[in-house]
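What follows is a single structure, written as structure tokens, with notes after it.
The values are calculated or read from the model by the stated rules, or taken from the named source; none is laboratory data. Nothing here was measured: the structure is a model prediction, and the numbers come from that model. Using ideal geometry, Cβ is built from the backbone for each residue, glycine included, and neighbour counts are taken over all protein chains shown. Remember, those area values only see protein heavy atoms, side chains included, never the ligands or the DNA or RNA. Shrake-Rupley method; radii C 1.70, N 1.55, O 1.52, S 1.80 Å.
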Amino acid sequence: MIAKGFKKRYFSLAAIAATVSMVQLQALASSVQHNEVQVQKHTAKEDESDDLELETITVEAEGIRSSELRATANYEVYTAKDIASSEAIDLIEFLNRYTSINVASSFGNRFSPRIDVHGYGLESGYENIVVSVDGRRLNNIDLMPQLLASIPIESIEKIEILKGSGAVLYGDGATAAVINIITKPLKGVRYRIFKGNYKTSGLKLGGGLYGEQFYATYLLDLYRSKGFRRIHDDIPSIRHKNLSNFIKAAFFPTDKVEYGFEANFAKTDNYYANPITKEQFDQNPKQEGPVGWNGKTYNYQILHDTAVSGYVRYQIAPEVSIKLDASKSDKKSSFPLSSYVARYDYMQYDVQLDVQKNGWHVLAGATSFGGERKSFDSVRKSHYGYFANLEKIFGIHRLTAGVRQERVKYKYLSTSQTLQRSDKQNALTIGYNYEISDANALFANFTKAYQFPDVDRFFRYDFATNTYVFNDFIDTMKTKTHTIGFNRITKDEKLKIALYQANVSDEIYYNPSTYQNTTLDKTRKRGLDIEYRRKFGVNLATSVHYSYVSTKIKDDDQSTFVGKKIPGVSKHNLTVGLDMYWEKLRANITHTYRSSAYALGDFQNNFKYRQRPYNSTDVNVVYRIGNNVRLFAKVTNLFGYKNMVVVRNDYKNNVIYPENAVRTYYIGIEGSF
């Protein structure tokens, strides 16, 4: 439904600039002393990645820490050990092949992929997921997905995927899920070098120091590849390049004060090919696409992303601490083939107070964020929010609750007009966990959340002038998600089952028939998540992730959409893994399956092509030479399944983007000293 103000045409991500990195809320540690212990645990655990025991995990994406068993929401958690054993070359590969998240390149751009959880669709699902790195929010103010390639995978200590909850702490956009990434300090020097087919190569080099009152870490991540798609010979042979520099440091001058600093400097240089026809795809998915709007068979983007953040935490009393965060982020996105350049400037301040007293745990705070994009015009989106989370444990009963109020302000400035709008929304969450035994628990959760529209949603394409013009504001999206589940966690077994239903009002989407962004009045998502891991002795372990999701458009002004399914959503998603360990050898086999889905943009569910089922079998082998050196080899899509992403276009036949459509492999060496 359209509100007073403006709409926008969805534009291919190849032509939409990237944007903001901003600080969001971090969970508070109970004390500085606890943080120092955590540093030592991080560095000690890194040499224990061959241990198959399922460790007890603490989750903290909701701000208040608890054991995974006692969580009052639907969590999926991966440790540094899980990440290391996957031999994934980057975070994007790990999320795609080893978790329940649906991941695909953004029309050929793999560095800022599209991600989907719980049936919001590959087209817009990433707007419904908040990605947070040590509290720094990666979500953008426009339609560019999160730059996941900027996070070196070797820097990650833990990944928490919080589904259907998190809006109280994270606010705008936390409607489907929160991906909370926690990084770690390094000890000594670590390296990783690999080379594969299609001229793929990579270098990971980093190290760190730590003592009783400080730690400091630096990590360089370089990735280069030709890619499997053919592109015209007038461009460089290396067409996909990413360089990231990650710095993390902390200083503990006393047992009550902690200072922290992080910096991330990333640059992507990326050529990606145009889509092809179904006939071309069936014949050879590697081949070059037709000439596009820019007179080329490809697009080209250069993106610079710089983010710097700092914090101070002060332990006021044994039960009370306060934390202040500040972050500044600058980006420059250019598309040389179109002479389009956009510059971004972001600033955020956070304050949060943590109180634990008389059996109660309260986390309260305020946030302030502003982001501006300057190109042919200027667009600004600013947030101001207040929240409070609380926890109370009554023996085997654990209760959590939280509220948030957030206001957003938009300002559009061009040579001809100035337009403004503001909106205010509330978030609410209530969770309950019942501990049946030391290994089993039931939980239930209700969360009310919202998504303020991105600034690009307020424009449409004017075919008469071949420009984007300000159109209308659109309504804020609102969700109400109900979840019930069961957790079973032992040292040899983990079983997690969750049933959920999300009722959505004003779900934001792009209508390819009208070339405008608007909203679906009422939609529903309903599904089942199952995670099972099992250890058999000391040499064998299995893992299964299965998710079922059913979507429905219940009501809308476009009557032909009513009763249809959300496009780009696979009903069945399955990942099965087998890990085998010997004294010096480790092997892993994983298969990922996603069922067929309607083409992106096919809200009428009647386009001539559907997205085929996705299949990929991946194998990796690691051989240990001594204690500190390992050789590894990996094959992705072993059987060469022809996978694709299909985008509805009633006026062109080139609607298919090949996605992991060929077999790839690489070999390498990694170690430390």
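A few notes on this one:
- Area of Glu212 that stays accessible when all protein chains are in place (1.4 Å probe, Å², to 10): 150
- If you take the Cα centroid of the stretch 368-410 and the Cα centroid of the stretch 243-280, the two points sit 23 Å apart.
- Selected from Val362, Ile396, Tyr340, residue furthest toward positive end of dipole (the stretch 320-413; charges at beta carbon): Tyr340
- Size of charge dipole - the stretch 168-324 - debye, nearest 20, with Cβ of Lys, Arg +1 and Asp, Glu -1, no other charges: 640
- Computed accessible area, Trp360, all protein chains, 1.4 angstrom probe, square angstrom: 120
- Dividing the summed -39500 (n - 2.57) terms of all DSSP H runs of n ≥ 4 by the residue count of the chain sets its mean residue ellipticity at 222 nm at -1500 deg cm²/dmol.
- Per-residue accessible area (protein heavy atoms, 1.4 Å probe) orders Val320, Val403 as Val403, Val320, starting from the largest.
- Test item: Cα-centred dipole of the stretch 93-244, Lys/Arg +1 and Asp/Glu -1 on Cβ, debye: 760
- Each of the peptides 448-461, 231-244 was scored by the mean count of other Cβ atoms within 10 Å over its residues; in descending order, highest first, they stand as 448-461, 231-244.
- Working ranking of peptides 63-70, 95-102 by packing, defined as the average number of other Cβ atoms within 10 Å per residue, highest first, is 95-102, 63-70.
- Computed magnitude of the charge dipole of the stretch 72-138 (debye, nearest 20; Cβ of K, R +1, Cβ of D, E -1): 100
- Among (1) 26.4, 83; (2) 25.2, 80; (3) 23.8, 71, the entry that matches Rg and Dmax of the Cα atoms in Å as calculated here: (3)
- Cα gyration tensor shape for the stretch 467-509, rounded if a/c is under 1.5, else prolate or oblate: prolate
- Span from the the stretch 592-647 Cα centroid across to the the stretch 450-510 one, whole angstrom: 24
- Solvent exposure of the chain, expressed per residue, is 37 Å² of accessible area, with all protein chains present and a 1.4 angstrom probe.
- Value of relative contact order over the chain, rounded to a whole percent, pairs C-alpha under 8 Å and six or more apart: 15
- Proximal aspartates and glutamates relative to Lys323, as straight alpha-carbon distance under 14 Å, when same-chain residues fewer than 8 apart are discounted: Asp134, Glu258, Asp350, Asp354
- Pairs exceeding a 20 Å alpha-carbon distance, out of Lys163/Lys491; Lys381/Lys522; Lys163/Lys331; Lys522/Lys565: Lys163/Lys491; Lys381/Lys522; Lys163/Lys331.
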